[in-house]
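A short worksheet on the structure shown next.
The values are calculated or read from the model by the stated rules, or taken from the named source; none is laboratory data. The structure presented is a predicted model; accordingly, all values stated were derived computationally and were not measured. Every residue, glycine among them, receives a Cβ derived from its backbone with ideal geometry; neighbour counts consider all protein chains shown.
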Amino acid sequence: MDDTRHPAPACPTRTRLYEGGGLVAEGFPADEIPDRLTERPKAALWLDLFDPDEQDLQAVAAEFTSTNSPWRTPFTIISDRSWTGIRATCL
């Protein structure tokens, strides 16, 4: 795996990290997501994007669909929806 970083979304975000059934972190900058998920590989991330534009959605898609990402997951942008669900599983 290389250490290539994708840009974080520029729009306002709200972040939460859950592990073991509880909240372990919240309100951290979106650019910390890769490090936090690396530190806690069993954690689940909640990321809210407020009024994202196409570049913001592309930034999130790039991070979570990168072939170098340990948390690679399908990502779909649905143009007629105001939210997109992303789920990752680590085996």
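Give the residues of region 12-48 that are part of a strand (DSSP E or B) and of a type in the set (Ser, Thr, Tyr), sorted by residue number. Steps first, please.
To start, the set of residues in region 12-48 that are part of a strand (DSSP E or B) comprises 13-19, 22-26, 44-48.
Listed by number, the residues that qualify are 13, 15, 18.
Output the residues belonging to region 21-52 that are touching a Cys at 6+ places or on another chain (Cβ under 7 Å) and either within 18 Å of residue 10 (Cα to Cα) or of a type in the set (Phe, Trp, Tyr) (or both). Matches in region 21-52: 49, 50, 51, 52. Count of region 1-16 residues, restricted to those that are at pLDDT below 85 and among the basic types (Lys, Arg), is 1. Picking from residues in region 17-35 that are of a type outside the set (Val, Ile, Thr) and crowded, with 16+ Cβ neighbours inside 10 Å, the one that is modelled with the lowest pLDDT is 34. The set of residues in region 18-38 that are under 17 Å from residue 7 (Cβ atoms) and touching a helix residue (DSSP H, G or I) at 6+ places or on another chain (Cβ under 9 Å) comprises 28, 30, 33, 34.
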